[in-house]
């Protein structure tokens, strides 16, 4: 009986070892490592671009009369991967991650704002850079600058 149990155990162990040595598992392991490497490269590229700006975070929400909204966000927390998101109900565009960042970066790069910028200057620059209609109902933006200061502007019409 012991001999049969040992043979069954040995065969089970060999089956498991052969299964994990199968090329399918090696390919999946390489793919997973490639995905991690690509995501790290994307994050490094986004961080390099963010160095061109004087802020580390922007969060924008603009609502219009027909209840359609434009929402955009870039958050470059130094201890976390960069997060970016676009929810554009005006043009039916919904993006996350690198795609959202690539959509937003050219727009935010146009902004020439500081923590001392006036409310109207911030609103005007953002509407122009993001090519948004001026007939909004509710405008809300928060920008955190590299010096630790932030602006938080809300405007309702």
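Among the residues of the stretch 75-93, are any in contact with a strand residue (DSSP E or B) (Cβ under 9 Å, 6 or more places away or on another chain), in a helix (DSSP H, G or I) and at negative phi? Show your work before the answer.
At the first step, the residues of the stretch 75-93 found to be in contact with a strand residue (DSSP E or B) (Cβ under 9 Å, 6 or more places away or on another chain) are 75-78, 82-91, 93.
Next, from what is left, pick out any that are in a helix (DSSP H, G or I): none.
Scanning the stretch 75-93 turns up no residue that is in contact with a strand residue (DSSP E or B) (Cβ under 9 Å, 6 or more places away or on another chain), in a helix (DSSP H, G or I) and at negative phi.
Residue 128 passes all but one of (1) out of contact with any helix residue (DSSP H, G or I) (no Cβ under 7 Å at 6 or more places or on another chain); (2) touching a residue at least 24 places away in the same chain (Cβ under 8 Å); which number fails?
Every listed condition holds for residue 128 apart from (2).
Looking only at the stretch 37-66, filter to residues that are closer than 12 Å to residue 136 by Cβ and not in a strand (DSSP E or B); which one of those is modelled with the highest pLDDT?
Restricting to residues being closer than 12 Å to residue 136 by Cβ and not in a strand (DSSP E or B), the top hit is 65.
(1) touching a residue at least 24 places away in the same chain (Cβ under 8 Å); (2) out of contact with any strand residue (DSSP E or B) (no Cβ under 9 Å at 6 or more places or on another chain); (3) surrounded by 13 or more Cβ atoms within 10 Å (Cβ to Cβ): which one isn't true of residue 147, the others all being true?
(3)
Suppose the filter is in contact with a helix residue (DSSP H, G or I) (Cβ under 6 Å, 6 or more places away or on another chain), surrounded by 18 or more Cβ atoms within 10 Å (Cβ to Cβ), in contact (Cβ under 8 Å) with a residue 24 or more places away in the chain and in a helix (DSSP H, G or I); does residue 101 pass it?
Judged against the criteria, residue 101 is a match.
Taking the conditions exactly as written (in a strand (DSSP E or B) and either modelled with pLDDT under 95 or touching a helix residue (DSSP H, G or I) at 6+ places or on another chain (Cβ under 8 Å) (or both)), does residue 108 satisfy them or not? First the steps, then the outcome.
Numbers: in a strand (DSSP E or B): no; either modelled with pLDDT under 95 or touching a helix residue (DSSP H, G or I) at 6+ places or on another chain (Cβ under 8 Å) (or both): yes.
Answer is no for this residue.
Checking residue 96 against (1) within 19 Å of residue 56 (Cα to Cα); (2) surrounded by 18 or more Cβ atoms within 10 Å (Cβ to Cβ): exactly one of these is not met. Which one?
(2)
The values are calculated or read from the model by the stated rules, or taken from the named source; none is laboratory data. The model shown is predicted, which means the values in this text are computed figures rather than measured ones. Cβ: placed from backbone, ideal geometry, glycine included. Neighbour counts: every protein chain shown.
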